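**Student:** I'd like to ask some things about the structure below.
Each reported figure results from applying straightforward, stated rules to the coordinates on display, with no laboratory input. The shown structure was predicted, so the numbers you read here are calculated from the model rather than taken from an experiment. Note that each Cβ is placed from the backbone with ideal geometry, even for glycine, and that neighbours are counted across all protein chains shown.
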Amino acid sequence: MNLKRLMMMIIVLIITCAAPTVKKYSEDELKARQEEARKYYSIGAEYFKQRNFDAALENFNTSLTYDSTYFDPYIAIGNIYREKRNPIEAENFFQKAMQINPKNSKGYEALADLYTVMLNYPKAESVYLQGLVIDSTFTELYLGLANVYINTDKNKEAENIYRKVLAMFPDDITVLKIWGDFLLKQGRYQDAVDAYSSVILRFPDVDELREKRGDAYTELGKYKDAIADYQDIVNRKPDNWRTILRIGNVYLKQNNFTEAKKQFKKAADLVPNDPLPKIYNADLLIRQGNLSQAATDLKAALAIDSKLTVANVLLGDIAKRKAESANKDKKLQDAYKLYKEAIAEYQKIPNNDLYANYAKTEIKRCQVIMDKIKDELWFQGIKIEG
């Protein structure tokens, strides 16, 4: 036997020995394994609802050991990794789901949603469009695509998507609500009122719709109509403290401090451990010039929720107003100290916060005035540190 033939026989022998044995299951065995896979998936889904992600992951993986072609666990595992802020693994499992069942549009939705969260809008748009080729009736794909367009300042394209979905699903209340919300965020308040009104005619008992229409009326300055919508909700649900706050806010906009305070107190009594009624009441007190009590309310709100940045902004505004008063009265050292306190509050606002630009602007204003105060005190022979 020559060497070449001997080597070929050895290679064949190695490959034969190394090849895994694939167990073939009968039809009944396959059915039983699929049932086990679904059982473990259901257990994992319950853990996921409880946000016990480790236990959920264990059960989803066990599900796949019984049926590796089961689509749903791959999506579920991807969602867990998304929650765990591991986008690479999330993407990996969503793509596995799409490979297993490329005709299931939920895989496209999950992956595109992930890309949206990652701010990779071109990829998100591409995947949403691919999904719509697979299933042109899947509402969530349209809504996700519209959201991408909104985030990339393509509002006209977003509007076109919404109008298309509205024509396809005229009775889908979720679509109708999102359309109204889009108009509200675009500042098209009368259009929003008209949109919400048409839906309320068909769904008169959906509080969210009436509340949003009240918000649009408030922005239009139609306060009587706004209060009517809010009050309709409170009449049916007297413990709806968030809507009560909205009523108080409308009175506050009209400088009806007595009625506004009454509403804020009513809300605070319903939820004494929630910071929002304290924030609203603090805003009222600031407008009345009662800065010390307002500061007390804001600090109480922060004690409940230290991440409530609006409270820091308002505390900064209070310190700034006190500084302006002291500066006007030529109490320069007091003014300097108060401006410094204002800046300290504004600096607590994160860069990605809603109030970030306002805080940065106010910091610059305070610093300019502080430099002038410092110069003036220097001429008086008074040196200020900091």
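**Student:** Answer with one residue from 114, 70, 53: the one whose Cα lies farthest towards the positive end of the charge dipole of the stretch 53-118, charges on Cβ with Lys, Arg +1 and Asp, Glu -1.
**Tutor:** Checked the options; the winner is 114.
**Student:** Taking the Cα centre of the chain as origin and charging only Cβ (+1 Lys, Arg; -1 Asp, Glu), how large is the dipole, in debye to the nearest 20?
**Tutor:** Roughly 960 debye, rounded to the nearest 20.
**Student:** Next up: Run the simple label-point estimate for residue 164 and residue 92 please: 7 Å along Cα→C-beta, distance reported in nm.
**Tutor:** Label-label distance for residue 164 and residue 92, simple model: 3.5 nm.
**Student:** A further question follows. To make sure I understand the rule: partners must be aspartates and glutamates, Cα under 17 Å from the Cα of residue 84, and not fewer than 8 residues away in the same chain. Which ones qualify?
**Tutor:** The qualifying aspartates and glutamates are 54, 58, 113.
**Student:** Also, quick follow-up: I'd like the FRET efficiency for residue 235 and residue 154, computed as 1/(1 + (r/R0)^6) with the beta carbon distance as r and R0 of 56 Å, rounded to 0.05.
**Tutor:** 0.85
**Student:** With a 10 Å Cβ neighbour count serving as the proxy for reagent exposure, in which order, fewest first, do 46, 159 appear?
**Tutor:** Least crowded to most crowded, the residues run 46, 159.
**Student:** Sticking with this structure for a sec: Listing 196, 217, 189 from the residue with the fewest other Cβ atoms within 10 Å to the one with the most, what is the order?
**Tutor:** Ordered from fewest to most neighbouring Cβ atoms within 10 Å, 196, 217, 189 come out as 189, 217, 196.
**Student:** Another question, then. Could you give the angle, 0 to 90 degrees to the nearest 10, between helix 3-18's Cα long axis and the longest principal axis of the Cα atoms of the chain?
**Tutor:** It works out to around 60 degrees.
**Student:** Let me ask something additional. Specify which residue in the list 231, 291, 206 is farthest towards the positive end of the charge dipole of the stretch 189-344, using unit charges on the beta carbon of Lys, Arg (+1) and Asp, Glu (-1), about the Cα centre.
**Tutor:** Positive-end residue among those listed: 291.
**Student:** What order do you get for 193, 310 when you list them from fewest to most C-beta neighbours inside 10 Å?
**Tutor:** 310, 193
**Student:** Can you tell me the 0 to 90 degree angle between the C-alpha axis of helix 53-66 and the longest principal axis of the chain, rounded to 10?
**Tutor:** 20
**Student:** Could you work out the helix-only [θ] at 222 nm for the chain, with each DSSP H run of four or more residues adding -39,500 (n - 2.57) and the total divided by the number of residues, to the nearest 500 deg cm²/dmol? It would help to have the intermediate numbers written out before the result.
**Tutor:** Working: 20 runs with 302 residues, N = 386.
Result for the chain, helices only: -25500 deg cm²/dmol.
**Student:** If I fit a long axis through the Cα atoms of helix 173-185 and take the longest principal axis of the Cα atoms of the chain, what angle between them do I get, 0 to 90°, rounded to 10?
**Tutor:** That helix lies at roughly 40 degrees to the long axis.
**Student:** Just list whichever of 103/177; 253/322; 278/374; 299/364; 337/364; 49/123 have alpha carbons separated by over 27 Å in the model shown.
**Tutor:** Numbers: 103/177 29 Å; 253/322 23 Å; 278/374 36 Å; 299/364 24 Å; 337/364 16 Å; 49/123 29 Å.
Going by Cα-Cα distance, 103/177; 278/374; 49/123 fall outside the 27 Å limit.
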